[in-house]
């Protein structure tokens, strides 16, 4: 039986404000949570500055390496918003004004509309402009690459469009175990589970601040039965009387 092919993805977070610490990136986490639900494996998150050449090079590389690419940031009207032009360059096309989007902008801003506002109607030539019933403002998609805004509230809104276009594959299953043991003592137990269940991703996450547990263990995969089997094998290997609880 052939192994199931899981779609892959990469996120490109763009902005000097992220790299300087002025703004905290939450978009990549929101994207990761959605993609897990959709059954898409997010394999890379890259953060780069507002540099057109670097954005173009990164998009060109990622678009050839993953099934889906999601950029975040750099789509506003100011001098540092160069993502649209960079994505166009990555795909070897021009950045052009989409007249339907321009009309939406004119209607929205009315007499206050400026050339700066109309910069937000730029799209890579040939791009698809995706909408849903609930998200009518177009989302730019060039091939396998979504161009998403950096503002977290707007980014989250656009994820409905991502879900609509990408579709649902078999979602990942995740179980967790919480224990009072530390990672050094847990290592041989985890090594045995990893060796016995290579199809399950096993994670270990210690904490020093939560009085309820010392280490959280996670078991992730596409097959519920395999994930449960790995979790149960781990639970059976814990010392007798070791405090633990599971989720789910």
Would you point out which residue out of 59, 40 is closer than 24 Å to residue 153 by Cα and touching a helix residue (DSSP H, G or I) at 6+ places or on another chain (Cβ under 6 Å)? 59
Has region 171-183 got at least one residue that is under 21 Å from residue 26 (Cβ atoms) and in contact with a strand residue (DSSP E or B) (Cβ under 7 Å, 6 or more places away or on another chain)? yes
Kindly indicate whether residue 162 is buried (at least 20 other Cβ atoms within 10 Å of the Cβ) and either closer than 20 Å to residue 13 by Cα or touching a helix residue (DSSP H, G or I) at 6+ places or on another chain (Cβ under 6 Å) (or both). yes
Would you please name the residue that is surrounded by the fewest Cβ atoms within 10 Å (Cβ to Cβ), looking only at residues in region 182-198 that are at pLDDT 95 or above and not in a helix (DSSP H, G or I)? 198
Of (1) modelled with pLDDT of 95 or more; (2) closer than 20 Å to residue 158 by Cα; (3) touching a helix residue (DSSP H, G or I) at 6+ places or on another chain (Cβ under 6 Å), residue 77 satisfies every one except (1)
Selection status of residue 93, in a strand (DSSP E or B) and surrounded by fewer than 19 Cβ atoms within 10 Å (Cβ to Cβ): no
Give just the number: which of (1) buried (at least 16 other Cβ atoms within 10 Å of the Cβ); (2) more than 27 Å from the chain's Cα centre (by Cα) does residue 99 not satisfy? (1)
Within region 206-231, how many residues turn out to be loosely packed, with under 15 Cβ neighbours inside 10 Å, out of contact with any helix residue (DSSP H, G or I) (no Cβ under 9 Å at 6 or more places or on another chain) and not in a loop (DSSP other than H, G, I, E, B)? 2
Could you list, in sequence order, the residues of region 5-33 that are within 19 Å of residue 170 (Cα to Cα) and crowded, with 19+ Cβ neighbours inside 10 Å? 9, 10, 31
Answer from 140, 161, 165 - the residue that is touching a residue at least 40 places away in the same chain (Cβ under 8 Å), within 17 Å of the chain's Cα centre (by Cα) and closer than 19 Å to residue 67 by Cα: 140
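The values are calculated or read from the model by the stated rules, or taken from the named source; none is laboratory data. Predicted, not measured: the structure shown is a model, and the values here were computed from it. Every residue, glycine among them, receives a Cβ derived from its backbone with ideal geometry; neighbour counts consider all protein chains shown.
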